[in-house]
1. Using +1 on the beta carbon of Lys and Arg, -1 on that of Asp and Glu, and nothing else charged, what's the dipole of the chain about the Cα centre, debye to 20?
2. Between Val276 and Ile80, what length in nm is gained on full extension when 0.36 nm per residue of separation is reduced by their alpha carbon distance?
3. Could you give the nm distance between label points at Phe20 and Arg48, where each point is 7 Å from its Cα heading toward the beta carbon?
4. In deg cm²/dmol and to the nearest 500, what is the mean residue ellipticity at 222 nm of the chain if only DSSP H runs of at least 4 residues count, each as -39500 (n - 2.57), divided by the residue total?
5. Compute the length gained on full extension between Ala146 and Glu232: take 0.36 nm times their separation in residues and subtract their Cα-Cα distance, giving the result in nm to one decimal.
6. Roughly how far apart, in whole Å, are the Cα centres of segment 91-117 and segment 241-315?
7. Are any of the pairs Lys173/Lys272; Lys177/Lys235; Lys143/Lys177; Lys226/Lys336; Lys215/Lys235 more than 24 Å apart by Cα-Cα distance, and if so, which?
8. Throw me the Rg/Rh for the chain, computed over C-alpha atoms with Kirkwood Rh, two decimals.
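The values are calculated or read from the model by the stated rules, or taken from the named source; none is laboratory data. Predicted model only: the values in this text are computed from it and were never measured. Cβ coordinates were reconstructed from backbone atoms using ideal geometry, including for glycine residues, and neighbour counts include every protein chain displayed. We work out accessible area using only protein heavy atoms, side chains counted, and drop any ligands, DNA or RNA first. Shrake-Rupley method; radii C 1.70, N 1.55, O 1.52, S 1.80 Å.
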Amino acid sequence: MQTRGYAVMTSGAPLTPFTFERRELRPTDVAFDITHAGICHSDIHTARGEWGSPLLPLVPGHEIVGVVTAVGSEQTKFSIGDRIGVGVFVDSCGKCENCLSGHQNYCFEGMTGTYNTLERDGVTPAHGGYSNKFVIDQEYAVKVPANLDMAGVAPLLCAGITLYSPLRHWNVKPGMKVGIIGLGGLGHMGVKLASAMGAEVTVFSHSANKESDAKRFGAKHFVLTKEAGFFEPLKETFDLVLNTVSAEIDINDYLHLLKLDGTLVVIGLPGKPYAVNVFNLLRMRRSLAGSMIGGLPELQEMLDFCGEHGVVSDVEVIKADYINEAYDRTVASDVKYRFVIDASTF
Ligand code: NAP
Ligand code: ZN
Ligand code: ZN
């Protein structure tokens, strides 16, 4: 089916309009008109070659919501008119231990990303959500709660699940102290979700002008990280700290924050190795961990949780021709707090 989108056509170039074909419906497929697609910093890392050379033409976008327009002959999950969401992957082997336990994001064969890869047939390029139409197998799409604003839901498909999953995995509950480093697309969802789970949340930010927003999202404390030794008064007080920063930071400063058996989870992916002083790990028996998005059951659980708690992303809705400017503003930490493209403008 003919689809209009925006793509990086040649290495290092800005995104420009691009028309391409999506596959015709297979029996268990569902097709939908995209209403909104979020701009994740991973789109920018990929489009700008910060994680290696992308597969061109590259149509980024893995925070996708829309309305179902057609269903395959054996499709059972969605009806025409349903609100639907797609996140960071569109397929996986479906047979390995991790896929069978609902952790498709950790598929042993590797998940099939929503863009910058080939589909599992090995020939069809996977094109992402910066476009007006999408086709996917029903198993890899989720249902969007009826009470939530679609533009605000789009970022939940990556930013939301990426913070929800570690908060759940490390059993965040009332009384726990959680730190979120970086108040961007991911970070602001972390604040909203951890607060909704009852945690006492502290934001660590290098942007002084974000304090009132952090508190509006539910944070109790705001720490400006520009001052050397900012962590001193808070040493050994946190159960869990989540690093969502897209740039290189000194992780050792933040390890000091963890109390006995506390964990620092790396989520931001600037692409360079960390220098870790292991004395900071040994002290207080701390853990340094990583977490990557979430599996399909958890993705649906997160959306249902957001439906119950009325949680959506704070977004700036833009037209397709603003994508390149939105990239620059995101890199400059100048977005409140996620750019979302109105897909009717493709
Ligand atoms: P974003 O909206 O650009 O937010 C990143 C935040 O990091 C900024 O808002 C800023 O927060 C802080 N920051 C940026 N530059 C900084 C600098 N030079 N020094 C200190 N702090 C800085 O990005 P995002 O979409 O949330 O993504 C964040 C990172 O997570 C990216 O690297 C992305 O690729 C990665 N990611 C990982 C996963 C996963 O599964 N693990 C999933 C999605 C994305 P303040 O202004 O508050 O300091
Ligand atoms: Zn993402
Ligand atoms: Zn698998």
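1. Charge dipole, the chain, about its Cα centre: 600 debye, nearest 20.
2. Working: separation 196, 0.36 × 196 = 70.56 nm, distance 5.13 nm.
Difference between extended and current length: 65.4 nm.
3. 2.2
4. Rounded to the nearest 500, it is -6000 deg cm²/dmol.
5. On the way: separation 86, 0.36 × 86 = 30.96 nm, distance 4.51 nm.
Working it through step by step, the gained length comes to 26.5 nm.
6. 22
7. On the way: Lys173/Lys272 32 Å; Lys177/Lys235 12 Å; Lys143/Lys177 31 Å; Lys226/Lys336 20 Å; Lys215/Lys235 21 Å.
Over 24 Å apart, Cα to Cα: Lys173/Lys272; Lys143/Lys177.
8. Working: Rg = 19.7 Å, Rh = 20.4 Å.
That ratio is 0.97, to two decimals.
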